[in-house]
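The values are calculated or read from the model by the stated rules, or taken from the named source; none is laboratory data. These numbers were taken from a predicted model, which means no experiment stands behind them. Positions of Cβ are backbone-derived with ideal geometry, glycine not excepted, and every protein chain shown enters the neighbour counts. Calculation scope for accessible area: heavy atoms of the full protein, side chains included, ligands and nucleic acids excluded. Shrake-Rupley method; radii C 1.70, N 1.55, O 1.52, S 1.80 Å.
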Amino acid sequence: MAQTRYDLLLQGGHVIDAKSGTSAVRDVAIAGGKIAAVAPKVDPAEAFKVVDVSGLYVTPGLVDMHVHVFAGTGEKGSYAGDNSLYPDGFTLRVGVTTVVDAGCAGWRTFADFKDRIIDRSRTRVLAFLNIVGNGMRGANRPPGALEGTPPYEQDLADMEAKPTGEMALQHKGVIVGIKTAHYEGPEWAPVERSVEAGTIANVPVMVDFGANKPERPISELLGKKLRPGDIYAHMYSGLRRELTEDGRVNPGMWEGRKRGVLFEVGHGGGSFAWYVAVPAIKEGFLPDAISTDLHIGSMNAGMKDQLNVMSKFLALGLSLEDVIAKSTWGPARMVKREDLGHLSVGAPADVAVLNLQTGRFGFVDSFGGRLKADRKLVCEMTLRDGRILYDLNGLARPDWETLPKGYRTTGDARWDGYSRR
Ligand SMILES: [Zn+2]
């Protein structure tokens with residue numbers, strides 16, 4: 001077999017790459033797991049394998065910055081257990097190549113999370129480390145706990161900035177932020193200690209602002225407590241006065257945005273309402289990142305998956321380019337992984353090939369409201385590090401009748417990622 005310059009050529013697709021500002025028909029060549037060329041025309045004779053993707057969109061592998069994937073511990077009622085999902089079944093089939101776990105593990109449990117999930121998944125898994133040392137274990141209490149012991153996530157004594165920040169430093173680039181979530185008390189301590197940990201590790205803090213408490217209004221969180229680059233989760237939930245009574249975006253949200261606080265969708269099972277998103281977007285309050293908040297309560301409900309959430313934003317009037325940007329380069333920058341979320345030459349060849357279908361579709365919010373739409377994104381193909389891990393219609397595969405009798409394989413390790421190494 002003659003040596004070729006490229007391992008794989010995706011030919012004739014419409015490339016959307018926010019970092020370079022490209023939205024045009026381009027060939028994408030891949031070599032050694034990296035993007036090797038993006039050009040109006042690449043000579044197919046220089047590629048070992050050529051796949052025709054004309055009529056489809058070619059984008060960076062999608063980055064979902066809010067998921068819950070600490071599965072397999074067996075703990076009931078816990079995001080470090082039964083509420084989480086193994087990532088690979090929910091990511092690659094919708095073009096997602098990178099996810100960021102939103103605080104399922106804390107510094108006490110991160111080693112287990114890394115061994116159990118991060119090191120064993122084909123999806124690239126990054127993490128926000130929970131400020132709670134025990135992580136996101138819901139209303140559970142330590143086994144044999146005395147009467148009156150607070151549940152893990154309400155235990156201020158287990159929210160320590162120093163060990164949290166130090167664990168994040170030890171896993172730089174994998175732990176990409178600090179998370180505080182679900183706190184029900186009136187204190188600011190969970191937010192303040194998260195910011196302290198984030199400062200130690202030089203990473204952003206993501207805040208799920210928990211129960212709405214008059215002692216800690218959203219305006220103070222966004223106007224004073226958070227730093228530029230910190231992230232407000234569940235921006236269209238309406239649970240913490242994101243909209244005021246007259247249906248306008250809370251001035252505190254605008255104030256936060258002016259200061260550089262960033263906002264993510266975090267759709268989930270209870271955090272996305274049309275009656276919040278529609279007026280907010282009409283007022284111009286768009287997300288910095290489109291994300292799922294994937295977990296057992298959202299996977300089969302209104303949320304479904306990253307492409308379904310992206311399609312909702314198309315239906316809300318955002319351009320396809322904008323929706324792709326907010327699902328690739330936007331979130332990659334927010335977690336300071338600027339090596340990801342784009343198709344620059346030399347970048348890891350994480351690629352999604354998407355089909356924008358037209359038809360009669362409907363999108364459901366977290367509370368059962370439907371919005372009719374006529375366009376929907378579907379994933380045709382997903383590549384991680386240059387290998388095809390998912391290929392809905394077999395675009396990369398030969399017709400079976402052309403193959404030798406009794407064929408057992410059709411791929412090559414240079415591009416084929418079907419089988420696990
Ligand atoms: Zn979440």
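Here's the yes/no breakdown for (1) free of Cβ contacts under 8 Å to residues at least 24 places away in the same chain; (2) of a type outside the set (Lys, Arg); (3) crowded, with 18+ Cβ neighbours inside 10 Å; (4) out of contact with any His (no Cβ under 6 Å at 6 or more places or on another chain):
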site: Glu153; (1), (2), (3), (4): no, yes, yes, no
site: Met167; (1), (2), (3), (4): no, yes, yes, yes
site: Ile178; (1), (2), (3), (4): no, yes, yes, yes
site: His182; (1), (2), (3), (4): no, yes, yes, yes
site: Ile218; (1), (2), (3), (4): no, yes, yes, yes
site: Arg241; (1), (2), (3), (4): no, no, no, yes
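Pairs, please: C-beta under 6 Å, at least 6 apart or cross-chain, first residue buried (at least 22 other Cβ atoms within 10 Å of the Cβ) and in the range 80-98, second assigned to a helix (DSSP H, G or I)?
Here the result reads Val94/Gln306; Val94/Leu307; Val96/Gln306, each pair linking the range 80-98 to a residue that is assigned to a helix (DSSP H, G or I).
Can you report the number of residues in the range 226-244 which are closer than 16 Å to Val191 by Cα and of a type in the set (Lys, Arg)?
Adding up the residues that qualify gives 2.
Could you please give the count of residues in the range 307-336 that are among the charged types (D, E, K, R) and either touching a helix residue (DSSP H, G or I) at 6+ places or on another chain (Cβ under 6 Å) or crowded, with 19+ Cβ neighbours inside 10 Å (or both)?
Residues of the range 307-336 among the charged types (D, E, K, R): 312, 321-322, 326, 333, 336.
Next cut, either touching a helix residue (DSSP H, G or I) at 6+ places or on another chain (Cβ under 6 Å) or crowded, with 19+ Cβ neighbours inside 10 Å (or both) only: 312, 326, 333.
The total comes to 3.
Would you pick out the residues in the range 60-98 that are part of a strand (DSSP E or B) and among the hydroxyl-bearing types (Ser, Thr, Tyr)?
Initial filter on the range 60-98 (part of a strand (DSSP E or B)): 60, 62-67, 96-98.
Result: Thr97, Thr98.
Does any residue in the range 355-383 that is assigned to a strand (DSSP E or B) come within less than 6 Å, Cβ to Cβ, of a residue that is loosely packed, with under 12 Cβ neighbours inside 10 Å and among the acidic types (Asp, Glu) six or more places away or on a different chain, and which pairs are these?
Every condition considered, the pairs that remain are Thr358/Asp374.
I'd like the residue in the range 38-59 that is outside any loop (DSSP other than H, G, I, E, B) and under 26 Å from the mean Cα position of the chain (by Cα) and, out of all such residues, is surrounded by the most Cβ atoms within 10 Å (Cβ to Cβ). It would help to see each step written out before you state the result.
Residues of the range 38-59 that are outside any loop (DSSP other than H, G, I, E, B), as a first pass: 38-39, 44-52, 57-59.
If we keep only those that are under 26 Å from the mean Cα position of the chain (by Cα) too, we end up with 38, 57-59.
Values: Val38: 20, Tyr57: 21, Val58: 27, Thr59: 30.
Within the range 38-59, the match that is surrounded by the most Cβ atoms within 10 Å (Cβ to Cβ) is Thr59.
Is it the case that some residue within the range 175-188 is within 21 Å of the chain's Cα centre (by Cα), in a loop (DSSP other than H, G, I, E, B) and within 16 Å of the ligand (Cβ to nearest atom)? Show your work before the answer.
Step one: filter the range 175-188 for residues within 21 Å of the chain's Cα centre (by Cα), giving 175-182.
Filter once more, so that each one left must be in a loop (DSSP other than H, G, I, E, B): 181-182.
In the following step, the residues that additionally are within 16 Å of the ligand (Cβ to nearest atom) were identified as 181-182.
Yes, that holds for at least one residue.
Which one is most open to solvent (accessible area, probe 1.4 Å), of the residues in the range 10-37 that are part of a strand (DSSP E or B) and touching a helix residue (DSSP H, G or I) at 6+ places or on another chain (Cβ under 6 Å)? Break it down into steps so the answer makes sense when it comes.
Step one: filter the range 10-37 for residues part of a strand (DSSP E or B), giving 10-17, 22-31, 34-37.
From what is left, the residues that are touching a helix residue (DSSP H, G or I) at 6+ places or on another chain (Cβ under 6 Å) are 16, 23.
On the way: Ile16: 4, Ser23: 47 Å².
Within the range 10-37, the match that is most open to solvent (accessible area, probe 1.4 Å) is Ser23.
Yes or no: Ser327 of a type in the set (Gly, Ala, Ser), more than 27 Å from Pro279 (Cα to Cα) and modelled with pLDDT of 95 or more? It would help to see each step written out before you state the result.
Working: of a type in the set (Gly, Ala, Ser): yes; more than 27 Å from Pro279 (Cα to Cα): no; modelled with pLDDT of 95 or more: yes.
Answer is no for this residue.
Just checking, which of Glu184, Glu245 is acidic (Asp, Glu) and modelled with pLDDT under 95?
On the way: Glu184 fails: modelled with pLDDT under 95.
Every option except Glu245 fails the conditions.
Which numbered condition in (1) more than 19 Å from Asn130 (Cβ to Cβ); (2) more than 16 Å from the ligand (Cβ to nearest atom) is the only one that Lys225 fails?
That leaves (1) as the condition not met.
Which of (1) away from the ligand (no atom under 16 Å from the Cβ); (2) open to solvent by 30 Å² or more (accessible area, probe 1.4 Å); (3) over 22 Å from the mean Cα position of the chain (by Cα) does Gly77 not meet, given it meets every other one?
(1)
Restricting to the range 280-298, give me the number of residues that are within 14 Å of the ligand (Cβ to nearest atom) and small (Gly, Ala, Ser). Give the derivation first.
The initial filter retains those residues of the range 280-298 that are within 14 Å of the ligand (Cβ to nearest atom), namely 289, 291-298.
Those still in the list that are small (Gly, Ala, Ser) too: 289, 291, 297-298.
Total satisfying the criteria: 4.
Only helices (runs of 4 or more DSSP H) wholly contained in the range 264-329 count here; list those with 1 or more residues that are farther than 24 Å from His14 by Cβ, of a type outside the set (D, E, K, R) and in contact with a Gly (Cβ under 6 Å, 6 or more places away or on another chain).
Values: elements: 274-282, 306-315, 320-325.
Once the helices (runs of 4 or more DSSP H) in the range 264-329 are filtered for at least 1 residues that are farther than 24 Å from His14 by Cβ, of a type outside the set (D, E, K, R) and in contact with a Gly (Cβ under 6 Å, 6 or more places away or on another chain), what remains is 274-282.
Could you go through the range 112-131 and let me know if any residue there is more than 16 Å from the ligand (Cβ to nearest atom), within 22 Å of the chain's Cα centre (by Cα) and assigned to a strand (DSSP E or B). Can you show your working first?
Within the range 112-131, the first condition is being more than 16 Å from the ligand (Cβ to nearest atom), and the residues that meet it are 112, 114-116, 118-124.
Still in the running and within 22 Å of the chain's Cα centre (by Cα): 112, 114-116, 118-124.
This time we only want the ones that are assigned to a strand (DSSP E or B), so: 124.
So far as the range 112-131 goes, yes, one or more of its residues are more than 16 Å from the ligand (Cβ to nearest atom), within 22 Å of the chain's Cα centre (by Cα) and assigned to a strand (DSSP E or B).
Can you tell me which residue within the range 384-409, out of those that are polar (S, T, N, Q) and part of a loop (DSSP other than H, G, I, E, B), is modelled with the highest pLDDT?
Of the residues in the range 384-409, the ones polar (S, T, N, Q) are 393, 402, 409.
When the remaining residues are screened for being part of a loop (DSSP other than H, G, I, E, B), the result is 393, 409.
Numbers: Asn393: 98, Thr409: 85.
Result: Asn393.
So Arg248 passes all but one of these: (1) open to solvent by 10 Å² or more (accessible area, probe 1.4 Å); (2) away from the ligand (no atom under 16 Å from the Cβ); (3) closer than 30 Å to Lys162 by Cα. Which condition number does it fail?
Answer for Arg248: the failing condition is (3).
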